[in-house]
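The structure under discussion appears below in the form of structure tokens.
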Amino acid sequence: MKEITLQQSLGEFLRAIRERLTPEQVGLPSHGRRRTPGLRREEVAQLANIGVSWYTSIEQGKDVHPSYQILESLATALRLSEDERRYLFLLSKSDEIEESKIYKEISTGLERTVFALEPNPAYIMDKYWDVLLWNRSAEFIFGFPSYSTSIDSKPNILHQFLIDPFKKEINPNWEERAKI
């Protein structure tokens, strides 16, 4: 089975988004019938203010690394939703600083879900095990501080596991698990 690279996934994602848009939706004139649905590559490049060959290379999954500014231009040109924009940046692996910012953004729907799960404990953590959002039950069960969007220091699950003496007491295999 053929392995798909991130660049190919990025290209497929951009192509799918491009094909669902019409020229009218993005404010371009329509010139008669089209052989394929959606926007042409040239139109996307024009809207994003980038070169056609550069956009084509990205969409074809070639080993190119678009900058944050190019990805922003593409996201705006293709009218991406917040979730689609986040996915675009994750696929591109553009910039670690921007990637960490993306991981820290939580959609309104996901936030509502966490709070709607009361009385069940629920939380969202990022790839660094930082807890980004939690509900009151999670505060009680996991010993998190009272949730507030203004908390500077969010709890870290890994840090709690390694440092909290109570975790050592209740986990008989703590030494082995901590080595992993």
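Values quoted throughout were computed directly from the atomic coordinates according to the rules given, and no laboratory measurement underlies them. Values in this document were obtained by computation on a predicted structure and should not be read as measured data. Here the Cβ is made from the backbone with ideal geometry for all residues, glycine too, and neighbour counts use every protein chain on show.
Listed values, structure above:
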quantity	calculated
Integer Hz, Karplus 6.51/-1.76/1.60 couplings in order for region 18-31, x for Gly and Pro	4, 6, 8, 8, 10, x, 4, 5, 10, x, 9, x, 9, 10
Met125 long-range amide H proximity, modeled H, under 5 Å	Leu132
Sorted by Cβ density within 10 Å, fewest first, the residues Thr113, Thr108	Thr108, Thr113
Gained length - Glu19 relative to Tyr87, 0.36 nm times residue gap less alpha-carbon distance	22.7 nm
Fewest-first sequence of Phe115, Phe13 by Cβ atoms within 10 Å of each Cβ	Phe115, Phe13
Sorted by Cβ density within 10 Å, fewest first, the residues Tyr55, Tyr147, Tyr68	Tyr68, Tyr147, Tyr55
